[in-house]
Every structure is written in structure tokens, then in C-alpha cells.
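The values are calculated or read from the model by the stated rules, or taken from the named source; none is laboratory data. Remember, it's a predicted structure, so these values are computed and weren't measured experimentally. Reconstructed Cβ throughout: ideal geometry from the backbone, glycine too, with neighbour counts over all protein chains shown.
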């Protein structure tokens, strides 16, 4: 992780396209074909209820979750054909995406105007926020191959999941084994010297399942510098293995592991903060391991789980500023949930206790600021969930975190959802507090000339709420929703001076906005999804006023149309994604603030199953060749075309 990487990470601390607005007004969710977890099941009464797993400590039906949640399921992920998860996440309500350049480059995800390290990211049960990267997860390395579902919960979730969940939780689940034996492979190639391929094999039965997958992605890339000629390439190899075995009624053991090795080439900057060609390269490794056991007692009324996780990251940079940043994180998580009954089903009235212990070790080698640090945290959470009526669900939770390096912090959360069956209307509301402890980079820095740490930093704290309404129309074939959110952040950590030093703001920062969503089944073969988000994120300027926080577009919108044909053998998908103008900091001497223009990305995909076991597919990205600049001075790829073949089951 060179200076550029860390400064780019840290630089985030600090009008809607008329056509899109008109189209949204005409077709007022979930662009990209996802099912919003704000949505209820809108198809038929016989349809099995969709379950979400991170809106509460235990799984709930999507119509009972009061939190604003979006769910990308396997079918929608496949229809979009995107190689990286970040390109799907940018189209979810409340999500802002900042990518420095080509595929694989530093990619930050911000939810509702919060910081990238305020979002907890979980992959197959392992918390993957990287202590060696400012407690963020770099989405540039997360490929879509073999992902079964992505679930995003927006709003403060610290009372359930701890420090990194201050603005929300993103839960990624990979595919499990199925059928006696199943498998498949794919090959793809296209613009910018891009080629990729992968395969998976799995087996499954009523007693258990086992799945192995592997994929490889390579691209020659582009030059991030507008006037540059040297291409910045990227390659990614990812291998995943997961399984579970049920020994009997109520008892099972499972495991998962995922290993990613990738290399990203990147440019530098001149004294004016403008990107220039440079021979820099970062080699990264990420290893995730999870082992868990589940035991149900009292005829399933008392459910218990114990999980052990391990994360190991290594970021080794060669070039202008050689460095190595590495971290290990070991976790033990226990949960016990008791169905209280009292005239209700166990799942409708329960008390859940969660206890987790995490130990983090951090290593930094820069040649002049070498150090090793560690901390540990013990968290205890309690949640009460009750559904006294079929149309009403309520919950209350409280959590206390005891950290080795900071004072203890207590957070809370309350939710409520009420549905009027006769009109198809649902009201929902949540309120809660959040907390985010400072990361190793913030506390200890990495260079006396560029970035000096501050060991006296205090954890950031927030309090927020959201209220929303959903309405089903056309006999359940259409659902529209609107949510207002409001949060106040205390002790926000920002950069001051030069060399840059992080410090806590004395005044409160404010974030508020609205999310509008629509999903519609226009015919048996044609679906529409759309959403629009307005975000205002402002922080005190130290002179009695406030300023707009950088890298937070006020306006974002997305529209998705998906059409199946020939009895599902063929599929065409159109996706439009609008990102409004936003500001950024250029690290020149002195630093200055610039405005980055808005852009609209148009992607089209098509696929056709020539035979049940053989599919051809193609896509066009950034069809209008829009200039896309998420980070000041760094350009993204233009128009690209890709095609591929798939053999066997699934993507």
C-alpha cells in the first residue's frame, strides 16, 4: 500500500440527469433486477417468503424486516454478467462507488454518505474489513463468479454486529453444493485485453453439500492518467471451497475458505496532484477461513451456533514508495437464540444472545515507519424480536463492546414494521446508534513526511433513524417504496494540516437523504427495477458553518429492464446507472478541492442457451463511452465489448 493508496483512502474523509428523473417519475427499486429487502413478496401467495439473514441476529422473512435492505440474488447477478461485485453495488439505493481506475484498482463503497470503513463486509461468515487498509474492504478484488447472493442492510447496525457496522452491513454468500454431482466452466474475452475463465464442481444431498470453485481474471487495462500511454494491468486468481454435513436432527458442522491472489499496476501523481504514468505495482493476498457448528435443542426452539474465523491479508507494493502492510484477524462468535413461544411460533417470538471475541494483529514495513500493533475486542449483544400479529413485527437490541485500547461503548437499536393487508401498504421505521473505533493507520500513521498518526483519537459515534413506506399495486405486480434517513455523527475523524494528521471534529456532522424504489413485473417475461437516492453529507468547517463531504454525489439513480425469451432460454438486460457530480481533494501543494462531473453508464447484456448445457453470452459496457472520474485525476475505462461461452450448470 503506497502513499497514493493511503491518501486516496483518506481523501474520502472529509443535478440529477433530467432524462433519468423523468423516467423514474414515469416508472417510479431495485435497479439491476435485485429484490429490495424493503420489498415484500409481490408475486403470489404460494411463493415461499424470501429470507434475509443480517437485518436481525436471526433470519427473518423479507416482509418483516424494518431495516432498508437490498438483496441481489443469483439470477439477477447472472443477468448482469459483471465480472466484479462493485459494478452491481453501485446500482443499489444509498450506495456510492469510487474506483481509482481500471478493474482491480482501489474501490471504495460508501453507504448513505458514510465512510468506506463504516460498512461491515462479510463473506461466507468472515468479516473481511482489512485492518491493514484502514479497516476498509477493497471491493476491487471481489469477483462475481460463484456468488449466490449479496445482501445489503443500510443504517446503523452496531447494536447487532459491532464497530465496523456503523453505516450498514454487506453480506456475501457463495454458492453451495447441489445435486449428486454438478459442475460447469466458462470462458470470456473482450476489450482492453481482457480474458477470464473459471469452473466449479459440487455435490449435494439431504445430509450435506460440498463445492469447489476457481476463477482467473486478467486485463491489460488502461492508463489512469488522462495523457498517459502506459497501461495498468490487473490479474486475479480466486479459489473457494465450502461444505456442510448434517449429523442428525438439529446438529451440523460446516466450513468455508476463500483465497484471492491479485496484482494491480497503478500510476502515480505529480506535484499538482495530476495522475502520471508510473511503474508501480501491488501484490495482494487474502485468505478467509470459517469453521462453524450449529445445534438445535428443545424441538428446534433453542438454536445455538459457534463459529471460528480467520482472516489473513498481505499488501506488498513495489515502485515509487515500496511498502508492505499485513494483518491477521481471528474471531470466535457464539450465538444462542431461544423461541419464547407464549402462543406464537418460535421464530416469531425470540430472545437472542450473541458473544464475540476478535483479535487483530497489524504489521507495517515502509522502511522508516516500521511497526507491529495489536488489539482485541469483546462484544456482547442481546436482541428481542416479536411478531405479535401477522402484520406487525418489532425488535429491540443492545450491545456493549469492550476494547483493549478504548473505553467500552454501548449501542442500541429498535425497529418496527406494520402492514395493512387490505391496501397492500407497509410502514417501517428504525432508530439506533453506531460506533467505529479508529484503525491502525489512523492511530499510528505510515510516514513522518506525509501521514502522521494520532494515538489519542476517540471512536466515532452516530445516532440515526429512517422511516419508510411501501405500497403494492396491480395485484402485487408492482411495488413502490420511499425511505427518509437522518444521521448525526459525533467525533468524526478527518485529516488536518500537512503532513496530514487525523483528528476528531468537535462539532457534529450531519447526513440525511431519501431513497425511492420501484420494482414491477410488466409481463411474465419483462421486469423493471428503478431507484433514486438523494444524499446530503456535510461536516463542520471549523468556522461555524459546514462543507460538503468529498466523494459523495447528491444524486444517484439506476434503471434496469430484463427480458426473457424463448421460454427462458434467452435473456436481454439493459442497465442505466447515473452518478451525479461530486467534489474531491487534489493532493497538490497546497491541496485544493475540485468538482468531478456527472456521468451515466449504459450496459447491455444478452445470452442464449443453445443447449441445456451450452450457453453463449455477450455484453457491452459504458455503451455511450462516457467519461467516468470517481477520484480526481484518475480516469476509468471507456466503451468495452465482451463475449463468452459457458458449459454446464450455472455461471
Pairs with Cβ under 6 Å, 6+ apart, first in segment 402-419 and under 15 Å from residue 439 (Cβ atoms), second modelled with pLDDT of 95 or more and part of a strand (DSSP E or B): 403/377; 404/375; 404/376; 405/375
Unique match (being closer than 30 Å to residue 99 by Cβ and in contact with a helix residue (DSSP H, G or I) (Cβ under 7 Å, 6 or more places away or on another chain)) among 260, 317, 309: 260
Top-ranked residue in segment 72-98 [being assigned to a strand (DSSP E or B) and surrounded by 24 or more Cβ atoms within 10 Å (Cβ to Cβ); ranked as nearest to the chain's Cα centre (by Cα)]: 95
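Kindly indicate whether residue 135 is surrounded by 22 or more Cβ atoms within 10 Å (Cβ to Cβ) and either in contact with a helix residue (DSSP H, G or I) (Cβ under 6 Å, 6 or more places away or on another chain) or over 22 Å from residue 65 (Cβ atoms) (or both).
yes
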Test set (1) within 23 Å of residue 333 (Cβ to Cβ); (2) in a strand (DSSP E or B) - residue 176 fails condition number: (2)
Only listed residue being modelled with pLDDT under 95 and surrounded by 14 or more Cβ atoms within 10 Å (Cβ to Cβ), chosen from 586, 572: 586
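Here is a yes/no grid of residues against (1) surrounded by fewer than 22 Cβ atoms within 10 Å (Cβ to Cβ); (2) touching a helix residue (DSSP H, G or I) at 6+ places or on another chain (Cβ under 9 Å); (3) within 18 Å of residue 115 (Cβ to Cβ):
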residue: 464; (1), (2), (3): no, no, yes
residue: 488; (1), (2), (3): yes, no, yes
residue: 493; (1), (2), (3): no, yes, yes
residue: 498; (1), (2), (3): yes, no, no
residue: 501; (1), (2), (3): yes, no, yes
residue: 510; (1), (2), (3): yes, no, yes
residue: 519; (1), (2), (3): no, yes, no
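Residue-wise test of (1) in contact with a strand residue (DSSP E or B) (Cβ under 7 Å, 6 or more places away or on another chain); (2) buried (at least 18 other Cβ atoms within 10 Å of the Cβ); (3) in a strand (DSSP E or B).
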residue: 363; (1), (2), (3): yes, yes, yes
residue: 367; (1), (2), (3): no, no, no
residue: 377; (1), (2), (3): yes, yes, yes
residue: 381; (1), (2), (3): yes, yes, yes
residue: 386; (1), (2), (3): yes, no, yes
residue: 399; (1), (2), (3): yes, yes, yes
residue: 407; (1), (2), (3): no, no, no
residue: 412; (1), (2), (3): yes, no, yes
residue: 415; (1), (2), (3): yes, yes, yes
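Checking the conditions here, which among 470, 506 is outside any strand (DSSP E or B) and more than 21 Å from the chain's Cα centre (by Cα)?
Answer to the check: 506.
Do we have residue 554 as surrounded by fewer than 19 Cβ atoms within 10 Å (Cβ to Cβ) and at pLDDT 95 or above here? Walk me through how you get there before you give the answer.
On the way: surrounded by fewer than 19 Cβ atoms within 10 Å (Cβ to Cβ): yes; at pLDDT 95 or above: yes.
Spelling it out, residue 554 is indeed surrounded by fewer than 19 Cβ atoms within 10 Å (Cβ to Cβ) and at pLDDT 95 or above.
Just the residues that are more than 25 Å from the chain's Cα centre (by Cα) and either over 25 Å from residue 339 (Cα atoms) or surrounded by 17 or more Cβ atoms within 10 Å (Cβ to Cβ) (or both), please, taken from segment 282-295.
Selection gives 294 alone.
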Segment 244-272: number of residues that are at pLDDT 90 or above and buried (at least 17 other Cβ atoms within 10 Å of the Cβ): 11
Criterion violated by residue 599 - all others in (1) surrounded by fewer than 16 Cβ atoms within 10 Å (Cβ to Cβ); (2) under 28 Å from residue 189 (Cβ atoms) satisfied: (1)
Residue list for segment 57-71, filter: touching a helix residue (DSSP H, G or I) at 6+ places or on another chain (Cβ under 9 Å) and part of a loop (DSSP other than H, G, I, E, B): 57, 58, 59
Members of segment 621-638 found to be buried (at least 20 other Cβ atoms within 10 Å of the Cβ) and either part of a strand (DSSP E or B) or modelled with pLDDT of 95 or more (or both), listed by number: 621, 622, 631, 634
Top-ranked residue in segment 433-457 [being surrounded by 24 or more Cβ atoms within 10 Å (Cβ to Cβ) and in contact with a strand residue (DSSP E or B) (Cβ under 6 Å, 6 or more places away or on another chain); ranked as nearest to residue 68 (Cα to Cα)]: 434
Qualifying positions in segment 302-345 - modelled with pLDDT under 95 and surrounded by fewer than 18 Cβ atoms within 10 Å (Cβ to Cβ): 318, 319, 320, 322, 340, 341, 342, 343, 344, 345
Residue tally, condition surrounded by fewer than 19 Cβ atoms within 10 Å (Cβ to Cβ) and within 21 Å of the chain's Cα centre (by Cα), over segment 223-243: 2
Residue that is farthest from the chain's Cα centre (by Cα), among those in segment 99-120 that are under 19 Å from residue 262 (Cα atoms) and in a strand (DSSP E or B): 99
